[in-house]
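Have a look at the structure that comes next, please.
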Amino acid sequence: MKKLLVYAAFGLAIFSACTSEPQERQLPILGPRTPDVKMVEGKPVVDTIYHTIPDFAFLDQDSQWVTPKTVEGKIYVADFFFTSCPSICPKMKSQMLRVYEKFKGNPNVALLSHSIDPRHDTVAVLRDYADRLGVKSDTWHFLTGDRDSIMDLAQKHYFVTAMQDESVPGGFEHTDGFLLIDEQRRIRGHYHGLDEEDVDRLMQDMELLLAEQKNKNGQGKK
Amino acid sequence: MGKAKSNVLALVWVGLLLIGCFTERGEEGKLLYGRHCASCHLENGEGLRGIIPPLANSDFSDKNRSELACIIRNGMSGPVEVNGVVYNQPMPGNAALTETDITNIINYLHNEFGSPKQKVSIGEVREQLKSCQ
């Protein structure tokens with residue numbers, strides 16, 4: 001009986017430790033990681049190298065180059081779509097619009113929508129698309145460029161499906177994934193762009209990530 | 001007693017026929033709408049700002065009530081003005097939809113989104129589909 005009480009108290013302690021400090025919730029760092037062993041003063045020190053998004057260069061709806069420099073010091077949300085998409089894109093875009101409306105004035109946030117049909121989605125087409133949505137390129141960039149680079153980035157680095165497939169409506173297969181990327185270009189969250197609640201979660205996580213970065217930058221200055 | 005019973009049966013029978021004519025099975029309309037229309041026009045029919053026209057309270061759907069069946073089956077392209085906004089995004093057709101399916105979809109639009117203001121019968125849809133351009 002006494003043992004049981006101890007267990008119960010122990011369980012309760014763990015429970016409250018896990019739930020009582022929601023402000024300390026941290027987003028995971030997703031993707032493969034590799035250990036990096038260095039010798040420091042004759043002793044091995046293991047550091048973790050996280051998966052990061054490699055360099056890229058695409059054109060946006062205003063013919064500006066978008067590179068890692070464009071998102072330097074920002075968190076961003078990435079997704080993959082094409083303007084003539086008859087399947088899931090309109091719904092994804094209506095959800096991304098919610099994210100845009102919430103963060104459009106924030107200089108620390110960017111949205112990158114990559115076209116997986118860049119041959120059709122030229123700068124002019126993307127320009128028209130963004131204009132119709134009433135979206136400005138200082139926050140939301142619609143990207144076009146070399147198709148293989150975009151597909152490669154999607155599959156190998158953002159870990160989402162994006163491929164040509166004549167058997168699906170519109171000719172391209174892709175996921176509804178929204179990826180949340182931090183200042184160091186690490187993946188911090190994956191969300192379903194068709195699911196309103198999951199997009200709510202994304203917006204909460206964005207606040208969390210912004211706060212994390214603000215804290216870190218504040219500490220760095222001291 | 002027997003007569004009353006057969007009257008009731010007759011009424012039920014006529015009722016069933018009427019349901020068949022107007023195919024007002026809301027569930028089916030909802031299912032078809034969800035499968036064939038909602039990914040672009042969205043569940044609530046509001047479309048996508050500036051890109052996909054709305055179906056909710058759409059003046060276009062009401063003015064072009066007699067074209068809707070053909071548009072659903074064959075799609076459409078080129079600029080189109082809906083509630084004062086010009087849209088220009090091609091809409092794919094749905095050649096596999098039957099007359100009943102199309103009737104159900106249009107009546108779902110009527111019930112759910114208020115446009116067209118008048119519902120359609122399967123007879124009307126059949127006639128419309130004969131003269132699609």
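In chain B, carbon and sulfur make up what percent of the accessible area (probe 1.4 Å)?
About 57 percent, which is the carbon plus sulfur part of the accessible surface.
For A:Leu111, list long-range residues whose amide hydrogen, built 1.01 Å from N in the peptide plane, is under 5 Å from its own amide hydrogen.
Long-range HN contacts for A:Leu111: A:Val77, A:Trp140, A:His141.
When you look at the Cβ of every residue in B:82-88, what mean number of other chain Cβ atoms sits within 10 Å?
1
Of A:Thr70, A:Thr122, A:Thr52, which is the most mobile in a GNM of chain A whose springs link Cα atoms less than 10 angstrom apart?
Residue with maximal mean-square fluctuation among A:Thr70, A:Thr122, A:Thr52: A:Thr70.
Something else: Carbon and sulfur: what percent of chain A's accessible surface (1.4 Å probe)?
Reported share for carbon and sulfur atoms: 55 percent.
Past 23 Å, Cα to Cα: identify those pairs from A:Lys69/A:Lys91; A:Lys69/A:Lys214; A:Lys74/A:Lys104; A:Lys93/B:Lys119; A:Lys91/B:Lys117, in the order given.
As for pairs spanning more than 23 Å Cα to Cα, those are A:Lys69/A:Lys91; A:Lys93/B:Lys119; A:Lys91/B:Lys117.
Related question: So which residue, out of B:Leu97, B:Leu11, B:Leu32, gets the largest mean-square fluctuation from a GNM of chain B using Cα contacts under 10 Å as springs?
B:Leu11
A further question on this structure: Which residues belonging to the stretch A:103-132 lose at least 20 Å² of 1.4 Å-probe accessible area when the assembly is complete, relative to their chain isolated?
Residues of the stretch A:103-132 that lose at least 20 Å² of accessible area once the other chains are added: A:Tyr129, A:Arg132.
May I ask for the accessible area buried between chains B and A, both sides summed, probe 1.4 Å, to the nearest 100 Å²?
Chains B and A together bury roughly 1200 Å² of accessible area.
When Lys and Arg each count +1 and Asp and Glu each count -1, what net charge do the other residues less than 13 Å away from A:Gly171, Cβ to Cβ, add up to?
Computed value for this residue: -3.
Of A:Gly193, A:Gly177, A:Gly31, which has the largest mean-square fluctuation in a 10 Å C-alpha GNM of chain A?
The residue that fluctuates most here is A:Gly31.
Place +1 on the Cβ of every Lys and Arg and -1 on the Cβ of every Asp and Glu in the stretch B:23-130, take the dipole about the Cα centre, and give the residue among B:Met76, B:Phe60, B:Val120 whose Cα lies farthest towards its positive end.
With unit charges placed on the Cβ atoms, the residue in question is B:Met76.
Take every Cα pair under 8 Å in the stretch A:93-222 that's 6+ residues apart, average their separations, divide by the length, and report that relative contact order as a whole percent.
Contact order relative to length: 19 percent.
Further, regarding this structure: So what is log10(I(q)/I(0)) for the protein assembly as shown at q = 0.06, 0.08, 0.11 1/Å, when the Debye sum runs over its Cα atoms only?
-0.34, -0.55, -0.85
Okay, next question. Contour minus end-to-end for A:Asp55 and A:Asp131, with contour as 0.36 nm per residue of separation and end-to-end as the Cα-Cα distance?
That works out to 24.6 nm of additional length.
Please give the per residue accessible area of the protein assembly as shown, computed with a probe of 1.4 Å over protein heavy atoms only, in Å².
56
Report, in degrees rounded to the nearest 10, the 0 to 90 angle that the Cα long axis of helix A:89-103 makes with the longest principal axis of chain A.
With both axes taken from Cα atoms, the answer is about 60 degrees.
Give me the inter-chain shielding for B:37-46: mean count of other chain Cβ atoms within 10 Å, whole number please.
3
Further question: With the crude spin-label approximation of a point 7 Å out along Cα→Cβ, what separation in nm comes out for B:Asn57 versus A:Thr34?
Between B:Asn57 and A:Thr34, the simple spin-label model gives 5.8 nm.
How high is the relative contact order of chain A, in percent, with contacts defined as C-alpha pairs under 8 Å that are six or more residues apart?
After rounding, I find 23 percent.
How shielded is A:84-93 by partner chains, expressed as the average number of their Cβ atoms within 10 Å of its Cβ atoms?
Mean partner-chain Cβ count within 10 Å for A:84-93: 5.
Which of the three applies to the stretch A:54-206, rounded, prolate or oblate, going by the alpha-carbon gyration tensor with a ≥ b ≥ c and a/c under 1.5 meaning rounded?
Because its axes are fairly even, with a/c under 1.5, the stretch A:54-206 counts as rounded.
Here is a follow-up. Please turn the phi angles of the stretch B:92-106 into ³J(HN,Hα) values with the Karplus equation 6.51 cos²θ - 1.76 cosθ + 1.60 (θ = phi - 60°), one per residue in order, whole Hz, x for glycine and proline.
Whole-Hz 3J(HN,Hα) from phi for the stretch B:92-106: x, x, 10, 4, 7, 6, 7, 4, 5, 4, 5, 4, 4, 5, 4.
The values are calculated or read from the model by the stated rules, or taken from the named source; none is laboratory data. Bear in mind that the values here come from a model prediction, so they are computed numbers and not experimental data. Glycine gets a Cβ as well: all are built from the backbone with ideal geometry, and neighbour counts include every protein chain shown. In case anyone asks, the SASA skips ligands and DNA or RNA and just uses the protein heavy atoms, side chains included. Shrake-Rupley method; radii C 1.70, N 1.55, O 1.52, S 1.80 Å.
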